[in-house]
Structure formats: C-alpha cells, structure tokens
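Worksheet for the structure shown next.
Just so it is clear, none of the values below were taken in a lab; they were calculated from the coordinates. This structure is a prediction, so every number in the text was calculated from the model and none was measured. Here the Cβ is made from the backbone with ideal geometry for all residues, glycine too, and neighbour counts use every protein chain on show.
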Amino acid sequence: MSLPSAQGRLRLGVNIDHVATIRNARGGDHPDPVRAAEIVAACGGDGITAHLREDRRHIRDADLARIQAATDLPLNLEMAATDEMLEIALRHSPHAACIVPERREERTTEGGLDAAGQHNRLAPIVARLADAGIRVSLFIAPEERQIEAALRLKAPVVELHTGEYAHATGDRVSVELERIADIAALAAKNGIEPHAGHGLTYDNVQPIAAIPQLAELNIGHYLVGEAVFVGLEAAVRKMRELMDDAR
Ligand code: PXP
C-alpha cells in the first residue's frame, strides 16, 4: 500500500518539554507546560508533544494528565521502550506514542532508534500500544534499513531524525536533506506515514517542510527559546507560516 502525498497541510506538533525544563530549574510550578499547551491550541498548533524521560528532567508524570485535561489537541507521548513507560502510556492512552532511544547522560535525543537491531525488544511494546489504539511512531535515522525494520514491526508512522541535517554545514546540508527526502518517499511508498523532527528552526525548516510526503513536524527547543523573546503564540504562528509557505 502506498500513501498519497501529504501535500497540503503539514501538521505542527509543538514539543513543550522545555517549558517544564525552565519550571524545574526553580522547583516550583511556573512556567506551567499546561499553559503552553493551551496557547499552542489557541494559535494553530496541531498537537502537543511531550517526552516523559526516565529521569523526569522536564515533563513529569502529573503533567501528562493535566495536559490531556486542558486541551483537545492530540498528545504525542515520546517514550523510551521500557516496561515502565509502556505502563504509563497504556494508563494515559495518548493519541500517539513515539518510541525514542534514551540514554541518561545525553543532553537530548541524540540519535535515532535502532529499530533494526532491537526488533525483539520493540515488537511486544509496539503491539501492546497498537492494541490499545495508540498510534505508534518510531523515531529513526533516515536509513533504508530502519524503514525495513519499521515495516517488520508494523509501525504505522516513523519520525525521521533531522538532527544530522540541522547540524550540517556546507555541502553536507543538501546531502542530509536528500537522505530525509528519499527515506520519506520510501516510507510513504510502503504505507508508513513519515514525520520529521529535531533541531528545526526558522532558518532550516522550509526545505524539510517542502518534502511532499511528510505529514507532521515536531518542533520544541527552538520554539520555546524564541518564546522567551516574542512569546509562544508569535513563535508558533511564525513557524506555521514558514511551513505553509514552503508547501
Ligand atoms: N521529535 C522527537 C522524537 C524528539 O525526541 C524531539 C526532542 O528531542 C523533537 C522531535 C523536538 O526536537 P527539538 O526540541 O530539537 O525541536
């Protein structure tokens, strides 16, 4: 089965983790990621993305239910492939779960999930989430073998890690962009909905947004950083405009 091109509206999922990072720096309850979710809902965001890390360095367990209660936007829960996170996902039943690799010492999700190498660990988790009606996505490097692995795992969605593209300079930029475009096309050809995210900014989002098969971008750190200067609503609106202009 081949998916139609997602040309047209590209969804924007706003990752609000780093609102919680700022909150946690002082141990209180301000700024509240729930308020961020409400603003995203009011200004044209299509979804809320939140990563409950094992060390709870930003989003915490209690935030999930509060975010779900505060907005009707779909929640995309990023999670490591662990029994603890599976149990939490099943309890909260978010719209989507994006399985990400996680290492405690990393500053952010540095690489893609090795879906190819971890089939046996991932298969029962993907199946339990899917059985519960949660749309599963795998956060993978843009590589053919990872798409093959996603197919074996019957994952309906992959999110392509755009970190290498975002950090590339010179000639590498177009090489990385082409890699993402090719793998997005391969995913769609095989019936898997491709998304993308990581390290996207006003400056680098448009070539990614122009890839016709992509259905959703998840963007966090840059938007929260910009929000410090212009407010979250203005930052989300500008990103939305750039994405729309690129299509
Ligand atoms: N998508 C996934 C799966 C992520 O783990 C993250 C955060 O690392 C993002 C998107 C957003 O990345 P950024 O905060 O760099 O925009």
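Kindly point out which whole DSSP H helices in the chain project their C-alpha atoms 24 angstrom or further along the helix axis while averaging a Kyte-Doolittle hydropathy of -0.5 or above.
Details: long enough: 172-189 (25 Å, 0.54).
Length and hydropathy pass: 172-189.
Give me the one-decimal nm value for the distance between modelled label points at Thr169 and Ala62, 7 Å along each residue's Cα-to-Cβ direction.
4.5
Output the peptides 169-175, 121-127 sorted from most to least packed, where packing is the average of other Cβ atoms within 10 Å over each peptide's residues. Mind dumping the intermediate values first?
On the way: 169-175: 10.4, 121-127: 17.0.
Packing proxy ranking, top to bottom: 121-127, 169-175.
Under the 0.36 nm per residue contour assumption, what length would be gained going from the current alpha-carbon distance of Asp203 and Lys154 to full extension?
Values: separation 49, 0.36 × 49 = 17.64 nm, distance 3.42 nm.
That works out to 14.2 nm of additional length.
Using a simple spin-label model with points 7 Å from Cα along the Cα→Cβ vector, what separation in nm is obtained for His221 and Asp72?
3.4
What Kirkwood Rh does the range 185-226 have if only Cα atoms enter the pairwise 1/r average? Answer in Å.
Values: mean 1/r = 0.0899 Å⁻¹.
One over the average 1/r among Cα pairs gives 11.1 Å for the range 185-226.
Can you show me the helix-derived [θ] at 222 nm for the chain, built from DSSP H runs with n ≥ 4 at -39,500 (n - 2.57) apiece and divided by the number of residues, rounded to the nearest 500.
On the way: 11 runs with 115 residues, N = 247.
Here the helix-only value at 222 nm equals -14000 deg cm²/dmol.
Stokes-Einstein at 37 °C, 0.692 mPa s, Kirkwood radius from Cα pairs: D for the chain in µm² s⁻¹? Walk me through the numbers before you get to the answer.
Details: Rh = 17.9 Å.
Answer from the Stokes-Einstein relation: 183 µm²/s.
Give me His167, His51, His18 ranked fewest to most by other Cβ atoms within 10 Å of their Cβ, as a rough exposure proxy.
Lowest to highest Cβ neighbour count: His167, His18, His51.
Hey, rough spin-label estimate for Glu178 and Arg121, points 7 angstrom out along Cα→Cβ, what's it come to in nanometres?
Going by the 7 Å Cα→Cβ label model, 3.3 nm.
Give the relative contact order (percent, whole number) for the chain; include only Cα pairs under 8 Å separated by 6+ residues.
Values: 474 pairs, mean separation 56.6, N = 247.
Over the chain, the number comes to 23 percent.
How much length would be gained if the chain were fully extended between Glu110 and Val228, taking 0.36 nm per residue of separation minus their Cα-Cα distance, in nm to one decimal?
Numbers: separation 118, 0.36 × 118 = 42.48 nm, distance 2.42 nm.
Between Glu110 and Val228, full extension yields an extra 40.1 nm.
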